Amino acid sequence: MTKARVVEVAEFGAPEVMKLVTMDLPSPVAGEAQIRQTAIGFNYLDISQRGGAMPLPLPTGIGHEAAGVVEAIGEGVTDVKVGDRVAYMNAGIGAYADHRNVAANKLVVLPASVSDEAAATLIFKGMTAQYLIKKTHAVQPGDLVLVHSAAGGVGQILSNWCKALGATVVGTASTPEKCVIAKKAGCDFAIDYSKPGWVDEFLKVTGGRKARVVYDAVGKDTFYQSLDCTAPFGLVVLYGAASGPVKDFEPELLNKKGCLFLTRPSVFPHNADPATFRANAADLFEAITSGKVKVDIGQRFKLDDIVKVHEQVKGRATTGAVLITP
């Protein structure tokens with residue numbers, strides 16, 4: 001039996017509710033694989049779930065994405081074999097661990113061109129970007145795209161990938177320093193959305209042109225301005241709520257702003273089917289290998305410092321992707 005170090009949450013609250021414990025990990029049962037994890041990703045969703053904004057049944061593990069090596073397989077497993085380098089982003093809560101058992105059909109084998117660190121930091125965020133630009137709105141050459149939080153993990157991937165597809169990309173960020181990062185990530189223009197009148201700045205840099213699609217992961221602080229930046233019959237994609245949920249929204253406003261479309265998608269339904277998940281992952285891995293999607297690990301932490309991870313991200317003291325190692 002393997003000894004596993006696992007982060008557990010027994011109550012919702014501040015980062016300190018996360019406790020690193022050692023537990024016995026049984027051998028994988030039928031359909032499972034046991035993974036020795038080498039790299040663990042972080043997503044803002046982790047903060048919402050740990051704090052109770054998106055509550056989970058307690059007690060619970062935490063974390064969605066990781067990469068590692070298959071060390072054992074259960075009966076009937078043919079998807080992977082012992083020794084395979086693998087990654088996942090939808091194998092159930094509990095990625096904050098050094099070893100774990102997961103359903104083998106939730107794993108994807110990594111190509112040699114994609115490192116464990118790249119996979120762990122990019123698979124959740126990259127798969128989010130993949131469905132946003134390929135399924136939610138198929139970004140085309142010449143599109144004007146607005147990406148909020150463009151200095152963040154998903155935002156940088158979106159900006160890079162949209163630019164590689166031939167779009168003109170305007171990014172926003174919450175500080176001048178993050179605007180510099182957004183520009184480096186591929187944005188043609190970067191705007192500080194914390195300043196009053198940023199919509200006027202958007203229209204100035206675009207020559208009065210509005211966006212065909214707006215990707216908004218900020219929520220409350222940017223949503224209504226996002227509507228003002230969207231071209232008639234354009235699409236607003238509200239895929240996150242880093243500043244809090246949008247409240248008191250009247251659908252009639254979409255008509256008044258130009259017969260706009262609004263959607264609130266999620267990465268999980270887009271990758272629920274194992275075959276679809278692996279096809280989408282192959283698309284992402286090709287984008288990583290070709291340079292359309294770049295690895296930007298802004299900060300590295302050990303699993304022992306998991307409280308510090310959440311404190312720094314919540315305090316907006318990080319940029320780019322956060323990597324956690326056992």
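The values are calculated or read from the model by the stated rules, or taken from the named source; none is laboratory data. Worth saying up front: this structure is predicted, and the values here are computed from it rather than measured. When we count neighbours, we look across all protein chains shown, and the Cβ atoms used for this are built from the backbone with ideal geometry, even at glycine. SASA here: full protein model, heavy atoms, side chains in, ligands and nucleic acids out. Shrake-Rupley method; radii C 1.70, N 1.55, O 1.52, S 1.80 Å.
So here's what we get for this one:
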{"quantity": "Exposed-loop-free span, longest in the chain, where GluC sites (Glu not before Pro) count as exposed if DSSP calls them loop and at most 11 other C-beta atoms lie within 10 Å", "calculated": "76-326"}
{"quantity": "Subset of Lys3/Lys314; Lys183/Lys294; Lys134/Lys195; Lys134/Lys314; Lys134/Lys257; Lys183/Lys204 violating a 20 Å alpha-carbon distance limit", "calculated": "Lys3/Lys314; Lys134/Lys195; Lys134/Lys314; Lys134/Lys257"}
{"quantity": "Cα gyration tensor, segment 124-211 - rounded (a/c under 1.5), prolate or oblate", "calculated": "oblate"}
{"quantity": "Estimated vicinal HN-Hα couplings, Hz - segment 185-193 in sequence order (Karplus 6.51, -1.76, 1.60; Gly, Pro = x)", "calculated": "7, x, 5, 6, 9, 9, 10, 7, 6"}
{"quantity": "Segment 149-269: C-alpha gyration tensor shape, a/c 1.5 cut-off, then a/b vs b/c", "calculated": "rounded"}
{"quantity": "Farthest positive-ward along the chain dipole, Cα basis, beta-carbon charges - from Cys259, Val313, Gly61", "calculated": "Cys259"}
{"quantity": "Rounded if a/c under 1.5, otherwise prolate or oblate - segment 278-326, Cα gyration tensor axes", "calculated": "prolate"}
{"quantity": "Farthest positive-ward along segment 87-239 dipole, Cα basis, beta-carbon charges - from Ala97, Leu227, Ile191", "calculated": "Leu227"}
{"quantity": "Answer label, with Rg and Dmax of the Cα atoms in Å calculated from the coordinates and candidates (i) 19.1, 57; (ii) 19.9, 64; (iii) 18.9, 63", "calculated": "(ii)"}
{"quantity": "Portion, in percent, of the accessible area of segment 1-58 that falls on carbon or sulfur, probe 1.4 Å", "calculated": "58 percent"}
{"quantity": "Computed [θ] at 222 nm, helices only, for the chain once each DSSP H run of length n ≥ 4 contributes -39500 (n - 2.57)", "calculated": "-8500 deg cm²/dmol"}
{"quantity": "Under-5 Å amide H pairs with Gly234, H placed in peptide plane, nonlocal only", "calculated": "Phe261"}
{"quantity": "Trypsin sites (Lys or Arg not before Pro) within segment 42-106, DSSP loop, no more than 14 other Cβ atoms inside 10 Å", "calculated": "Lys81"}
{"quantity": "Charged-residue dipole, Cβ positions (Lys, Arg, Asp, Glu), the chain about Cα centre, Debye nearest 20", "calculated": "660 debye"}
{"quantity": "Per residue accessible area in Å² of the chain, where ligands, DNA and RNA are left out and the probe is 1.4 Å", "calculated": "41 Å²"}
{"quantity": "Alpha carbon centroid spacing (whole Å) that separates segment 176-201 from segment 222-250", "calculated": "17 Å"}
